[in-house]
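Below: the structure, in structure tokens.
The values are calculated or read from the model by the stated rules, or taken from the named source; none is laboratory data. This structure is a prediction, so every number in the text was calculated from the model and none was measured. Using ideal geometry, Cβ is built from the backbone for each residue, glycine included, and neighbour counts are taken over all protein chains shown.
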């Protein structure tokens, strides 16, 4: 009863409000430093520093780093649903690929008449003897349309899937298996030439983006910077979601869904929001990935790709948002080294890494830096 | 999403303006019609699981403001009854209504909770990763729409309300600790705090004193007795000392139906009850 008496005396005192800051001061400093490196140091190293200098960044290095940042953004998106909502998606590769395809369609139209067949239609359509653009390719020559599709296509697919899955209260391993089946089915669909997305070859041989040559180092630097900004924005946005009351409800759903329902919250819209938001972020990552890597094909939807994403999150530290960034960087950095140096041992190494992290770092790499348990 | 409350019959909810007449009375959305003193009806409710009749034409009425104890041997259907009231289990047959007008059998769990029924589980269920303070904050009666949760700030009034609740369940010193680190009895108290935070009209408590010390259970009894008249409470309990301390009316369930109803002494004297439950 003392607490009430105290309150009566000091009416403005709040006894124990939860911390509300988005990041600690150190956290913001790290974000700012990362952005400075991304937006200033890397462009200088790539464009100004002469190629002979040890500080220079090659086009290869730039593309590799940009690619890894796309993976990192996808990992952050996956961590939002897995780490905070307890929904283990084994199908996030689908959303990544859908965003990539939406961007790829625009890049195909940017080729113009410079393709092998010198037609207004993309080469694969000429090859299939199509005479006109199918209806779903209309508008794909507009960059704004492409941007809208990058958000809307993965978002809509995720929303519809989530609506049915969450409304039917499909959970746990069953949901994981369905997401896996979803991406596999989509892969088979995209493998077909008739689907209208280039079949198993997908899209490649891009020439330009917004009129600028895709292979030029300046374009690559801009894409790199954009990817870095998207990654930072994704981490900050996810953090904001997680720290909001909505985020606290979502975490509560993960830990005790029935208690959430009997407290008067309907879990469906909460789950649906984070699920769809996560898919959109993943789609953005895929869209940034395609112009840098120069190809998108249905193998991006292969179940193994989605599972690899889960490994990035697990190695980095589930439910930390920053950990998955590190996880994606560690695994993909190691992958690019191993597949060049000892190609046949890469999968063994990946397996060993996963086992080692599970055994010795159950909270992932981020767990090493965590001061107190949450 | 939609929190529309299905209505059983046109009990004057329209604009017919028969406010003072005998039958129709004006009812606002979200208001519970207790014009016949009864807040919860169960009528001929039956539930079967794979041929096992968990509830067999169970009928029960709880008055507004009443404190009712439900006892019965294991398998008598006590928890199933709570599942039916809170929407977790749909009855195969029968009617469950909250007040005169709200049909609970057609509502989702969350809508039932919003309508004003709070439930405490047999095994204490709290948000283990959240602090005690956050547990109560999430449970506070008020905004439940998801998009409002993105930019939600707890107001000073709400913070004070949480402090009051912390004092009521005597967990002030644990406010900043994650609920998962609490002792069993503390979790039980926190869950009761979560219930009180929702300000329900009807509380359903499934074995609330399991795992509590004698002192804690005495305090809970005092709290429930203090709430009597303001909130209706249904307690399922095995601990007869606790039942004796709080109960006005006791309902004995057996094999999914009501075996006896009355004061504890009346019930204890009932031959059928002695045979199935107390006598052994």
In the range B:163-184, anything more than 8 Å from every other protein chain (Cβ to nearest Cβ) and surrounded by 15 or more Cβ atoms within 10 Å (Cβ to Cβ) is listed as B:165, B:168, B:169, B:170, B:171, B:174, B:177, B:179, B:182
Of the conditions (1) within 14 Å of another protein chain (Cβ to nearest Cβ); (2) without any contact (Cβ under 8 Å) to a residue 60 or more places away in the chain; (3) surrounded by fewer than 22 Cβ atoms within 10 Å (Cβ to Cβ), the single one that residue A:264 does not satisfy is (3)
- In this structure, is residue B:211 assigned to a loop (DSSP other than H, G, I, E, B) and farther than 29 Å from residue B:98 by Cβ? yes
Turns out the strands (runs of 3 or more DSSP E) fully within the range B:35-151 with at least 1 residues that are under 30 Å from residue B:172 (Cα atoms) and touching a residue at least 60 places away in the same chain (Cβ under 8 Å) are B:67-71, B:117-120
- Message: Scan the range A:326-336 and tell me whether some residue there is touching a strand residue (DSSP E or B) at 6+ places or on another chain (Cβ under 9 Å) and part of a helix (DSSP H, G or I).
- Response: no
If you go through A:243, A:239, A:254, the only one that is touching a residue at least 40 places away in the same chain (Cβ under 8 Å), within 11 Å of chain B (Cβ to nearest Cβ) and out of contact with any helix residue (DSSP H, G or I) (no Cβ under 7 Å at 6 or more places or on another chain) is A:243
Filtering helices (runs of 4 or more DSSP H) wholly in the range A:19-96 for at least 2 residues that are out of contact with any strand residue (DSSP E or B) (no Cβ under 7 Å at 6 or more places or on another chain) and free of Cβ contacts under 8 Å to residues at least 12 places away in the same chain gives A:25-36, A:59-85
**Asked** Does residue B:193 meet the test of being out of contact with any strand residue (DSSP E or B) (no Cβ under 7 Å at 6 or more places or on another chain) and either on the phi > 0 side of the Ramachandran plot or part of a strand (DSSP E or B) (or both)?
**Response** no
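To keep it simple, each residue is scored yes or no on (1) at pLDDT below 90; (2) in contact with a strand residue (DSSP E or B) (Cβ under 8 Å, 6 or more places away or on another chain); (3) more than 28 Å from residue B:47 (Cβ to Cβ).
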position	(1), (2), (3)
B:92	no, yes, no
B:97	no, yes, no
B:113	no, yes, no
B:138	no, no, yes
B:157	yes, no, yes
Problem set entry | Residue match in the range B:228-246 (condition: crowded, with 18+ Cβ neighbours inside 10 Å, touching a residue at least 40 places away in the same chain (Cβ under 8 Å) and farther than 30 Å from residue B:133 by Cβ) | yes
Discussion item. With the structure loaded, tell me whether residue B:154 is surrounded by 17 or more Cβ atoms within 10 Å (Cβ to Cβ), within 11 Å of another protein chain (Cβ to nearest Cβ), farther than 16 Å from residue B:69 by Cβ and in contact (Cβ under 8 Å) with a residue 40 or more places away in the chain or whether it fails that test.
Written reply: no
Counting only residues in the range B:115-129 that are farther than 12 Å from residue B:208 by Cα and buried (at least 23 other Cβ atoms within 10 Å of the Cβ), the one nearest to the other protein chains (Cβ to nearest Cβ) is identified as B:127
Just a yes or no: is a residue in the range A:219-237 surrounded by fewer than 17 Cβ atoms within 10 Å (Cβ to Cβ) and more than 22 Å from the chain's Cα centre (by Cα)?
no
